[in-house]
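The structure under discussion appears below in the form of structure tokens.
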Amino acid sequence: MPNERLRRKRVGVLALQGDFREHLAALRACEVEGVPIRLAADLDAVDALILPGGESTTMARLLEPGLAGSIQRRSAAGMPVLGTCAGMILMARKIHGGRADQEPLKLIDISVRRNAYGRQIDSFEAEVESRAIGGTAPAVFIRAPQVTERAPDVQELANHGGQTVAVKQGNRLALAFHPELTPDRRWHQYFLSLNGDHR
């Protein structure tokens, strides 16, 4: 059962495109209030933010500059941010294989390669082990990005097939897979445990 502190937290989910509804459902399962985020003003009402999976170029195009700037400022001020699949791409400092006009939010000091695991038909589910969540959990990989570089202070939380698939830097967490598409909520619970004051 989540503790009282987690229940009081309000978590925003970027709701421009992609599987934001699944993240909102996962937050409900954790007994946490989820808030769809579409405008910069929406961000004022939340304590943390999830950038969901979907199509990273489409999300980047729909992300209005005021909201992008607000996300960057709130993250720098300590707001925890979780990015899954396309959300990891949005959080990266550098994108390989993206559009020339695709500007990432640069929230976490990693470089990623888009669609590194192949096309939609190459999607797969695997068991991923991490001490952060206390064991092994299912992970769904759909046109997943690959971490090609990470700064020394970016911590690897999980590895699959010799590739880094989960990283953490301060209050920022990025996963190459979709935890929201499985019934296991430990990755969301781990994210909810991050302290909003941690830089």
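Throughout, read-outs are computed from the coordinates displayed, never taken from laboratory work. Because the structure is a prediction, the values reported are computed rather than measured. Note: ideal-geometry Cβ built from the backbone for every residue, glycine included; neighbour counts use all protein chains shown.
Worth pointing out:
- Helix-only CD estimate at 222 nm, as mean residue ellipticity for the chain, using -39500 (n - 2.57) per DSSP H run (n ≥ 4): -6500 deg cm²/dmol
- GNM flexibility winner over the chain from G69, G134, G34 (Cα, springs under 10 Å): G134
- Here region 4-192 is treated with +1 on each Lys and Arg Cβ and -1 on each Asp and Glu Cβ, and its dipole about the Cα centre works out to around 300 debye.
- Counted charge near G53, where neighbours are those whose Cβ lies closer than 10 Å (Asp, Glu -1; Lys, Arg +1): -3
- Mean-square fluctuations from a GNM of the chain, with a 10 angstrom spring cutoff on Cα atoms, peak among G170, G53, G87 at G170.
- Taking L51, L181, L107 as the candidate residues, the one with maximal mean-square fluctuation in a Gaussian network model of the chain, Cα springs under 10 Å, is L181.
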